[in-house]
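Written below as structure tokens is the structure these notes are about.
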Amino acid sequence: MGNKRSYNSELREKRKQSTINNIIMSTYQMHSEGITDIKTIAENAGVSVPTIRKYFPTNEDLFKGCAAHFMKINKLPEIYRYFHIDSLEDKVSAIVTDFYSFHEDTMELVWLSFRLTEESKVMRNSTLQNEAIVKAAAEVLLKETTIPEDRRKQVQGYVQGLLHPLFYRTLRVTGGLEKENCIEYTVQAIMYQLKEEER
């Protein structure tokens, strides 16, 4: 009798986890399309709104689940890799390629997080994390340059702007450029700026 209860308990726990995972996956998919409406998410997941609220009482709880899933399946660019690249042009190319590839894979989700920063601490933290890693990459790029101190801050700001996910989104959505073109033109723009500053 005890074994049966244990089995039923395990089965219930598996079903619960399966439902939670299904809700997170559905929410992640909907967020990728810019949709945050809870009824639409519930329909897409094949569950009721009360079922979602049973496991995620607030939107913020749902955002936390999605943020954890985002970090699980999307690998942030690894800043330490760039320290070992000697050629400035190779370093610029590697950073722009990695960041723009990451932005391509996460474009609508990141855009959504920027749109919701005022109403969600989770989304605000996501945007801050994104901006922090862009800043770190810009610092790595400028580390070995001989740009005068009085210009360094402005040049770093310029590079950060070019590496920013919203700039990439503008190139893709408004500019209609393919990812490869975005990478090529941005590498050229950064290299031109760095060479001009070092004259």
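The values are calculated or read from the model by the stated rules, or taken from the named source; none is laboratory data. All values reported here derive from a predicted model rather than from experimental measurement. Ideal geometry is used to build each Cβ from the backbone, glycine not excepted, and the neighbour counts take in all protein chains shown.
If I filter segment 67-78 for residues that are of a type outside the set (Ser, Thr, Tyr), in a helix (DSSP H, G or I), free of Cβ contacts under 8 Å to residues at least 60 places away in the same chain and farther than 30 Å from residue 94 by Cβ, do I get at least one hit?
No, segment 67-78 contains no residue that is of a type outside the set (Ser, Thr, Tyr), in a helix (DSSP H, G or I), free of Cβ contacts under 8 Å to residues at least 60 places away in the same chain and farther than 30 Å from residue 94 by Cβ.
Among the residues of segment 124-158 satisfying the criterion of being over 15 Å from the mean Cα position of the chain (by Cα) and polar (S, T, N, Q), which is surrounded by the fewest Cβ atoms within 10 Å (Cβ to Cβ)?
Only one residue tops the list, namely 146.
So, of the residues in segment 99-123 that are within 12 Å of the chain's Cα centre (by Cα) and charged (D, E, K, R), which turns out to be farthest from residue 80 (Cα to Cα)?
The residue in question is 108.
Residues of segment 37-64 being among the hydrophobic types (A, V, I, L, M, F, W, C), farther than 22 Å from residue 113 by Cβ and in a helix (DSSP H, G or I), which ones?
49
Could you grab me the full set of residues in segment 56-94 that are among the polar types (S, T, N, Q) and either under 15 Å from the mean Cα position of the chain (by Cα) or at pLDDT below 95 (or both)?
Once the filter is applied, which keeps residues that are among the polar types (S, T, N, Q) and either under 15 Å from the mean Cα position of the chain (by Cα) or at pLDDT below 95 (or both), segment 56-94 yields 58, 59, 74, 87.
Would you check which residues across segment 141-191 are small (Gly, Ala, Ser) and either in contact (Cβ under 8 Å) with a residue 24 or more places away in the chain or in a helix (DSSP H, G or I) (or both) and list them?
Taking segment 141-191 as the starting set, the residues that turn out to be small (Gly, Ala, Ser) are 157, 161, 175-176, 189.
Correct list: 157, 161, 189.
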